[in-house]
Amino acid sequence: MALRFFNTLTRSVQEFVPRDPAGRKAGMYCCGPTVHDFAHIGNFRTFVFGDLVRRYPEFKGYEVMHVTNITDVEDKIIRRVRESGASLRDYTGKFEAAFLEDLKTLGCLLPHHLPRATEHIPEIIALIEELTARGIAYQAADGSVYFSIEKYRAGGGQYGQLVKLNFDELRPGERIRTDEYAKESLADFALWKARAPEDGQVFWPSPWGEGRPGWHIECSAMSMNILGPGFDLHVGGEDLIFPHHEDEIAQSEGAALQAPGERFVNYWLHVAHLMVEGKKMSKSLGNFFTLRDLLTKGYSGREIRYLLLPAHYRESFNFTLENLNAARTTLARLDECVAKLRETAPSAPAEPDPRLIEEIASALDDDLNLSAALGALFEWVRHTNRLLSEKALSPAQAASALAAWEKADHVFGIGSKPIDEASAEIAAQLEQRQAARRANDFKRADAIRDGLKAKGWLIEDTPKGPRLKRV
Ligand SMILES: [Zn+2]
């Protein structure tokens, strides 16, 4: 079956057909973090989804070029830099490093490109020059350069591709300088912001004088620079649809670098909001979590990833700590199954059993139905556990089942618990118990076993030797 997604551009579920004439390569851009603070769990819902939009086509044999930008100059950042007194790079560098570490903690594949806006100023300026040359952008009396929605539309450009807009509200010449605004503030938006006293040392020279880029133009310039003027997939949170993504389309298609009839982006995928404990996340409600807050509470990145996976990306998702605890229990069942398969399987590689793979693929082809795909996975875990307990799986069958799980996990990215996750101290005690048994000192062996049990570890004796299991 073919892969289909819901495309915000057409408001319909569409078959994915990449531009590559060979049908193999696909370009994908995911709007990355604005590195003014640690990213919160709502942000990570989008990034985990972006990771899946890369992983699943890869699983199907596409070669995906994944770009996630780092917004390291923008209104909020400038404000924080001013308040902190740090340099722009020192300030953003800290949060950029934290972001990359958090991606890794969540089992996300590192994007192939992580362009920083501040390192693409020449491309940003060139794009604004293209727009001014075409008469779509103009420098206003305040020294800033704006995108003229009126001129763009007069030239055949379509503003309002992702959202319906009321152009009766548009008053020609009305301008907006902030990076974030609502649909109701429909107005010419800033591409280049003339240097203001509050910008401090954050400015670059340009044909329009010293200043800094607007947020929207950064993404247009970086995405087209790396993926070409037209590419396949663009991912982001639904809060970015307007104005950010609408403005990206206007700037990129306004510069008309695409071949005639070609769009800037063919498929726009947007992730719905995340709520925490049934409410909009907010610091005053005490339900605002960065990934780091959750790790401090003792949860793992893997558990958090697993919890984020099954909610459909187009539906808002209620994140609760209770469900995070349930995720831990569910993953333990999977780990148990995989560990037993490893004990039964010979070490030689095997062909994956196709059934699990087919079930997962048919669920994910259907607009990335992760919940159905995980349902198939856990049905398989139940079935496999039963066969294992009945000793009905031959080593070859176990190897094939294990290979199927490993292939399926290229999409899920949840991995399995390492065979020996016990600390060095616990492992040393297990070794001492084995030594006591070899010396026929069963009293000591049992005492060590009881000691381990008190610390939360059970020893299971298996044909391949003893194994530690969490109580
Ligand atoms: Zn963006």
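The values are calculated or read from the model by the stated rules, or taken from the named source; none is laboratory data. Just so it is clear, the structure is predicted and the values come from calculations on it, not from any experiment. Cβ atoms come from the backbone with ideal geometry, glycine included; neighbour counts cover every protein chain shown. All accessible areas refer to the heavy atoms of the entire protein, side chains included, with ligands and DNA or RNA removed. Shrake-Rupley method; radii C 1.70, N 1.55, O 1.52, S 1.80 Å.
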**OP:** Tell me, please, whether a residue that is surrounded by fewer than 17 Cβ atoms within 10 Å (Cβ to Cβ) and either part of a helix (DSSP H, G or I) or in contact (Cβ under 8 Å) with a residue 12 or more places away in the chain (or both) can be found in the range 299-309.
**Re:** no
Subject >> Unique residue being touching a residue at least 40 places away in the same chain (Cβ under 8 Å), in a helix (DSSP H, G or I) and closer than 26 Å to ILE459 by Cβ when the list is LEU402, LEU430, LEU377, LEU356 >> reply: LEU402
Original post:
Any idea which residue in the range 230-257 is farthest from the ligand (Cβ to nearest atom), counting only those that are among the aliphatic types (A, V, I, L, M) and open to solvent by 10 Å² or more (accessible area, probe 1.4 Å)?
Top reply: ALA256
Original post:
Can you name the residue in the range 258-291 that is farther than 14 Å from ARG45 by Cβ and surrounded by 16 or more Cβ atoms within 10 Å (Cβ to Cβ) and, of all such residues, is modelled with the lowest pLDDT?
Top reply: ASN287
**OP:** Assess whether ALA428 counts as being over 29 Å from the mean Cα position of the chain (by Cα), open to solvent by less than 60 Å² (accessible area, probe 1.4 Å) and modelled with pLDDT under 95.
**Re:** yes
**OP:** Could you identify the single residue in ASP353, ASP365 that is within 28 Å of LEU308 (Cα to Cα), crowded, with 18+ Cβ neighbours inside 10 Å and at pLDDT below 95?
**Re:** ASP353
**OP:** Would you be able to say whether some residue in the range 179-199 is open to solvent by 30 Å² or more (accessible area, probe 1.4 Å), within 16 Å of the ligand (Cβ to nearest atom) and either farther than 17 Å from ARG153 by Cα or assigned to a helix (DSSP H, G or I) (or both)?
**Re:** yes
**OP:** Kindly list the number of the only condition in (1) within 17 Å of the chain's Cα centre (by Cα); (2) open to solvent by 10 Å² or more (accessible area, probe 1.4 Å) that fails for ASN323.
**Re:** (1)
**OP:** Could you list all residues from the range 13-53 that are touching a Lys or Arg at 6+ places or on another chain (Cβ under 7 Å) and either open to solvent by 10 Å² or more (accessible area, probe 1.4 Å) or farther than 21 Å from VAL411 by Cα (or both)?
**Re:** VAL13, GLN14, GLU15, PRO18, THR34, HIS36, PHE38
Original post:
Looking at ILE128, ILE121, which is the one that is over 30 Å from HIS410 (Cα atoms), buried (at least 19 other Cβ atoms within 10 Å of the Cβ), out of contact with any helix residue (DSSP H, G or I) (no Cβ under 6 Å at 6 or more places or on another chain) and at pLDDT 95 or above?
Top reply: ILE128
Subject >> VAL13 vs. criteria at pLDDT 95 or above, under 17 Å from the mean Cα position of the chain (by Cα) and not acidic (Asp, Glu) >> reply: no
Original post:
So which of PHE203, PHE231 ends up being in contact with a Ser or Thr (Cβ under 8 Å, 6 or more places away or on another chain) and not acidic (Asp, Glu)?
Top reply: PHE231
**OP:** Sort through ALA392, ALA435 and tell me the only one that's part of a loop (DSSP other than H, G, I, E, B) and not basic (Lys, Arg).
**Re:** ALA392
Original post:
Out of ARG314, ARG342, ARG328, ARG333, which single residue is modelled with pLDDT of 95 or more and open to solvent by 50 Å² or more (accessible area, probe 1.4 Å)?
Top reply: ARG314
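Condition check ((1) out of contact with any helix residue (DSSP H, G or I) (no Cβ under 9 Å at 6 or more places or on another chain); (2) in contact (Cβ under 8 Å) with a residue 60 or more places away in the chain; (3) within 16 Å of SER223 (Cβ to Cβ)) across all residues:
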site	(1), (2), (3)
GLY23	yes, no, no
PHE38	no, yes, no
LYS60	no, yes, no
THR68	no, no, yes
SER87	no, yes, no
PHE99	no, yes, no
Original post:
Take the residues of the range 205-229 that are in a helix (DSSP H, G or I) and open to solvent by less than 10 Å² (accessible area, probe 1.4 Å): which is nearest to THR178 (Cα to Cα)?
Top reply: HIS216
